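One structure is given below, encoded as structure tokens.
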Amino acid sequence: MANNKLIPIVQVPSGEKFVTERGIKAIKDGIKASQLGNERLAKPDWLRIRVRGGATYERVKSIVHEHRLATVCEEAKCPNMSECWSAGTATIMLMGDVCTRACRFCAVNTGNPRGWLDLEEPANTAKSVQLMGLKYVVLTSVNRDDLPDGGAGHYAACVRAVKEQNPGTAVEALTPDFLGALADVETVLDSGIEVFAQNVETVRRLTHPVRDSRASYEQTLAVLAHAKQYRPDILTKTSIMLGLGESEAEILEAMDDLRAAQVDILTFGQYLQPTANHYPIDRYVSPQDFEQYRQWGLEKGFLEVVSGVFVRSSYRAEQVLQKNNVGLVQP
């Protein structure tokens, strides 16, 4: 028993998790979770989040709640929430906080909103962007398969309202796949956005069971490819979670598929299992590996690859454009 002492790691909604000393050694030896049976992987040293707060954080929080806005920061339990909110930025989640799909990686609530929409959301979103003084905002949303157009019209109305009240603000739309309906994709593309994002989430082999059955690897590729073909002036972007069991060969294959779809920006981040009921973590990816994947992506021709443990699709998105002098956001 002395060699199998339990060591507590982090507190999560489903309760406290433990890992054995053998599991800790496995991290150092590069052993995957599937080789450890029921033992949970210990979080390595690089998985430490520095919680921030302060006046700016509280101001952003107050604005978001006062205007009844859902944010992916809160709903998806994003590890960067305190950092981004302290910097005066937030990713706003449109059309409520109930998703009609049930992806096994996601912490957002699942259900049937039955056609409900907040008709004041476009105005509230625009006012909130103004109050927060944002020069770059990411608008994302839950999937709304209960709506005839997947919510594309409402999404576009929110973008137009933001632009009308904040003409100097660049907008990134991180959208659902609209069940592959390209006319709905075009509705969002024509709303005034500068960046269009739709997440492929994982490699081809792991798409199912990681994503909902109504989503697919090929469908996301088709949406991204059409977006660039229809509006070549708009940057396209996607995100891949790592640590789900993908191989490096599959990561490279996904990069090639995305470049074939003319995707401009790619992000890589560590998958963090929200609860014990979600898809299990297969491995923790080292910072060195994240840097290697970034270099591979740049060599393949992506405009930028943002790759790191805590990177999420919308993490400090404005900095990517500033760094590459794209011209959408002034420093």
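Here the extension length gained between Tyr230 and Ser213 equals 3.4 nm, from 0.36 nm per residue of separation less the Cα-Cα distance. Using 0.36 nm per residue and subtracting the Cα-Cα separation, the extra length available between Leu131 and Ser247 on full extension is 37.3 nm. Averaging Cα coordinates gives a centre for the stretch 146-207 and one for the stretch 226-305; these two points are 19 Å apart. With R₀ set to 30 Å, the beta-carbon distance separating Asp289 from Leu179 gives a calculated FRET efficiency near 0.30. A cut-off under 11 angstrom between Cβ atoms defines the neighbours of Cys103, and their net charge, with Lys, Arg +1 and Asp, Glu -1, is +2.
Projected label points at Arg205 and Leu119, each 7 Å from Cα along the beta carbon direction, are separated by 5.1 nanometres.
Taking 14 Å as the cut-off, no amide N atom of the stretch 135-160 comes nearer than this to a point 7 Å along the Cα-to-beta-carbon line of Glu66. With the cut-off at under 20 Å, measuring from each backbone N in the stretch 93-107 to a point 7 Å along the Cα-to-Cβ line of Gln165 picks out 93-97.
Pairs from the table (Lys237/Lys300; Lys135/Lys300; Lys135/Lys163) lying more than 19 angstrom apart at Cα are Lys135/Lys300.
Just so you know, all these numbers are worked out from the coordinates, no wet-lab data involved. This is a predicted model, so every value here is computed, not measured. Note that each Cβ is placed from the backbone with ideal geometry, even for glycine, and that neighbours are counted across all protein chains shown.
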